[in-house]
Amino acid sequence: MSGAGNLHHSAEESERRTLPPIKSASDKYFLESLGEYIQHEMERLMCPDEGPDEQRYIIYSSAFDKVIEYATAYKTILTSIKKEYDEFVCAIKKSECDAKLAHGKLKAMVAQPTSLMYCKRRAVQLQERIAIIQRDTAELQAELNRLQESRRDKRPSLRQKTSDSKTLRPVGQIPGLTFDESMNPAALAKHLEYLERKRADLQIKRKSQYVSVSVKDDLDNKMRSALDQRDELAVENERLQLRYKKMKFLNDSLMTWEKTGKEVTLLEFITSKLENIFDLKMSDTDFLGISAVVFEEDDPSKVNESELLVDYIERFIDLFEGGEYEAAAFHAAKSPHGVLRNMETMERFKAVTVYQGQGELPPLLLFFQALMISVHAGKQLPGETLSVEGVRCAMQLNYVELVTHWVTQKRLTYSEALGDVICEHGDRKPRMADTCLALAHIVYKACGVLRKAALSMCKRGMTSSTMEFIYQSKGFTAGDCLFVLKGCPSLALLQALTQEYQGQPAVLSLGFACHALLNSDLEDLALQMVEKTHSSGQGTLEKVILDDTGCSAENWGEIAGCCGQKNKPLLAKEILSILLSQSGAMRLSPGMESSRLMQHVFM
């Protein structure tokens, strides 16, 4: 054993003697660390002990770089040596890659004749199939020509059979006669005389009682022009009546001035009366529609208007029952005094579910379209209910462009319900949400529902425009601002509502808004705003709380309690410390809520 040990020891000594002697301790330490680095990297990357390996080459290349960095005296020559080796290795790799590419090209060239053979074989198969299809097509065409020729040859025989059948006795029962009477010549002769008389009556009626459709169209056009002229004359009549009342009022005033002995000058008297004339104009415009109905009865032809209305309604019924829904809709829209522009007519059109031309507009939508076309902007508008139903019908059929035209051209009676219908359609159809919200804003603003008008703008992401609208609207209250905030909760809107706007004070105080949000399941938004205010700078939250006149100290205490419940103890402690630091500061009530709040915050 001792001999074997001595031999092993002598072998190690001989390996060590092969290395040059290293006197410097730093060199020894560097060589040892370099050897450990090589061994560690080879074990970590599991490099094989023998044979070429890319990873092992990279490890030794990196070790060689470390040697170059360490040996400053031989750095230049070592760098040149490594460069030559790297270039040689790269050249070997490149030649290997080129060899692989050449091998691939060679394989492709070898396989090319085989591919060409398969392509030619497939082309022959396709040519055979094309020939079969052409042959079948020719046979079918010949068969089709033969059938057409045989059918053309049979037509004369069919005509002959038809002419012969006219002379034959009818097989079935004659309408209006029993089977026995159809076999009796006397009964047949009597029935023939009856049919001839009936045909003669129909021919007479055709000449005397019926006209062509073109005549009806001309009469309809004349009636429409007459109705339009009547409407224009009614407007002119209203204007002249108002002018007559003004002149009569001024004449009576002058007579009164003369009877009073002319105590004041004429100029002062007329000036005072002109104000009364203006007031008379304002009061008269409230019942212009009533006067129009009264004076429309003054027909120069002295025709009873009730008979005209009955004829008009009967004409509408004939058109409706005849299936001419478009003509009936236009007829109803232009009815005098609006007798057919009502909910009953709308329900009649709504009840029609089966109609000719199912691809065309439904009768109900035709009625509303004719109704909106026949009215003038801002005059003789349909009622609120009709307007809502018309918009609902168009929205259900996805005719948003019609609703856009009606709203922008002022063909509807604006109401809050109308705006709600438009908004609901936008909620159901996200692609049309922006258009619907813009239309709803117009409706809400026109009918004075300012809070919903602002909410529609806010839902479109127009926060700055919403703030401008709020500050320009004089009737906008704090409750309206909370309604908008709860309808479209966002940190940007809450921050805009609680800050100054172009030198004007904020519409809501921070404490009032956050305390209101606590009771609306929006605690997270309120706490985000309080936390953002606290993080905006030292003393900012304290200044906001001390200057907040819209929120009491107890309400701020509730906000602090909510902060504690939402795992924000530092923010709650900061709010309570600010509240308790005030001179004459608020004191929490001695109830259970206050004790639990303080225990939760300071625990």
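The values are calculated or read from the model by the stated rules, or taken from the named source; none is laboratory data. Since the model is a prediction, treat every value here as computed from it, not as a measurement. With ideal geometry, Cβ positions are generated from the backbone for all residues, glycine too; neighbour counts draw on all protein chains shown. Only protein heavy atoms, including side chains, enter the accessible area calculation; ligands, DNA and RNA are left aside. Shrake-Rupley method; radii C 1.70, N 1.55, O 1.52, S 1.80 Å.
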Legend entry - Accessible area expressed per residue, segment 26-149, with surrounding protein chains retained (probe 1.4 Å, Å²): 84 Å²
Legend entry - Simple label model, 7 Å out from Cα along Cβ direction - Thr256 to Leu126, nm: 10.4 nm
Inset, instruction - Quote the accessible area belonging to Ile545 in square angstrom, nearest 10, computed with a 1.4 Å probe and with ligands, DNA and RNA left uncounted. - result: 10 Å²
Inset, instruction - Please give, to one decimal in nm, the separation of the simple spin-label points placed at Lys410 and Ser465, each 7 Å out from Cα toward the Cβ. - result: 2.1 nm
Legend entry - Above-threshold pairs, the threshold being 20 Å between Cα atoms, out of Lys474/Lys532; Lys474/Lys543; Lys459/Lys568; Lys334/Lys410; Lys459/Lys532; Lys429/Lys459: Lys474/Lys532; Lys474/Lys543; Lys459/Lys568; Lys459/Lys532
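With every protein chain left in place, what is the accessible area per residue of segment 377-429 in square angstrom, probe 1.4 Å?
Values: 2570 Å² over 53 residues.
Normalised by residue count, the accessible surface of segment 377-429 is 48 Å².
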Inset, instruction - Measure out, as a whole number of angstrom, how far apart the alpha-carbon centroids of segment 459-538 and segment 101-129 sit. - result: 75 Å
Inset, instruction - Keeping all protein chains in position, work out how much accessible area Asp318 exposes to a 1.4 Å probe, and write it in Å² to the nearest 10. - result: 100 Å²
Inset, instruction - Give me the accessible area of Leu364, 1.4 Å probe, in Å² rounded to the nearest 10. - result: 30 Å²
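Arranged from highest to lowest average of other beta-carbon atoms within 10 Å per residue, in what order do the peptides 56-65, 243-252 appear?
56-65, 243-252
What is the sum of charges around Leu250, taking Lys and Arg as +1, Asp and Glu as -1, for the other residues whose C-beta is under 12 Å from the C-beta of Leu250? Write down the numbers at each step before the final one.
On the way: positive: Arg243, Lys245, Lys246, Lys248, Lys273; negative: Asp252.
That sum, taken over residues with Cβ under 12 Å, equals +4.
How much FRET efficiency would the formula 1/(1 + (r/R0)^6) give for Ala351 and Asp427, where r is the Cβ-Cβ distance and R0 is 25 Å, rounded to 0.05?
E between Ala351 and Asp427, to the nearest 0.05, is 0.30.
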Legend entry - Sequence of Ser24, Ser415 when ordered by accessible area, the most exposed leading, probe 1.4 angstrom: Ser24, Ser415
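Could you sort Lys334, Lys259 by their accessible area in this structure, using a 1.4 Å probe and putting the largest first?
Details: Lys334 30, Lys259 165 Å².
Output order, biggest surface exposure first: Lys259, Lys334.
Quick one: if the Förster radius is 22 Å, what FRET efficiency do Ile133 and Ala111 give, using the C-beta to C-beta distance and rounding to 0.05? Before the final figure, lay out each step's value.
Working: r = 33 Å, r/R0 = 1.48.
For Ile133 and Ala111, the calculated efficiency is 0.10.
Let me know the shape class of segment 422-497, please: from the alpha-carbon gyration tensor, a ≥ b ≥ c as square roots of the eigenvalues, rounded when a/c is under 1.5, otherwise prolate if a/b is greater than b/c, or oblate. If you can, show how the numbers build up before the last one.
Working: a/c = 1.97, a/b = 1.34, b/c = 1.47.
Because a/c hits 1.5 or more and a/b fails to exceed b/c, segment 422-497 counts as oblate.
Can you send over the carbon and sulfur percentage of the accessible area for segment 480-544, probe radius 1.4 Å, protein chains only? Mind showing how you got there, number by number?
Details: 1510 of 3140 Å².
Here it works out to 48 percent.
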Legend entry - Gap separating the Cα centres of segment 170-243 and segment 369-430, nearest whole Å: 39 Å
Legend entry - Positive minus negative residues near Gln203 (Lys, Arg vs Asp, Glu; Cβ under 15 Å): +4
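Let me check I've understood the local charge: for Met457, count other residues with C-beta under 15 angstrom from its C-beta, Lys and Arg +1, Asp and Glu -1. What total comes out? It would help to have the intermediate numbers written out before the result.
Details: positive: Lys445, Arg451, Lys452, Lys459, Arg460; negative: Asp434, Glu468, Asp480.
Taking every Cβ under 15 Å from that of Met457, the sum is +2.
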Inset, instruction - Quick one: pull the percent of accessible area on segment 34-154 belonging to carbon and sulfur, 1.4 Å probe, ligands and nucleic acids left out. - result: 61 percent
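Mind ranking Arg121, Arg224 by accessible surface for me, highest first, 1.4 Å probe? It would help to have the intermediate numbers written out before the result.
Working: Arg121 120, Arg224 80 Å².
Order by accessible area, largest first: Arg121, Arg224.
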Inset, instruction - Report, to the nearest whole %, how much of the accessible area of segment 342-442 belongs to carbon and sulfur atoms, 1.4 Å probe, protein only. - result: 51 percent
Inset, instruction - Sort segment 102-154 into rounded, prolate or oblate with this rule: let a ≥ b ≥ c be the square roots of the eigenvalues of the Cα gyration tensor; rounded if a/c is under 1.5, and if a/c is not under 1.5, prolate when a/b is larger than b/c, oblate otherwise. - result: prolate
Legend entry - Where labels lie 7 Å past Cα in the beta-carbon direction, separation of Gln380 and His337 in nm: 1.4 nm
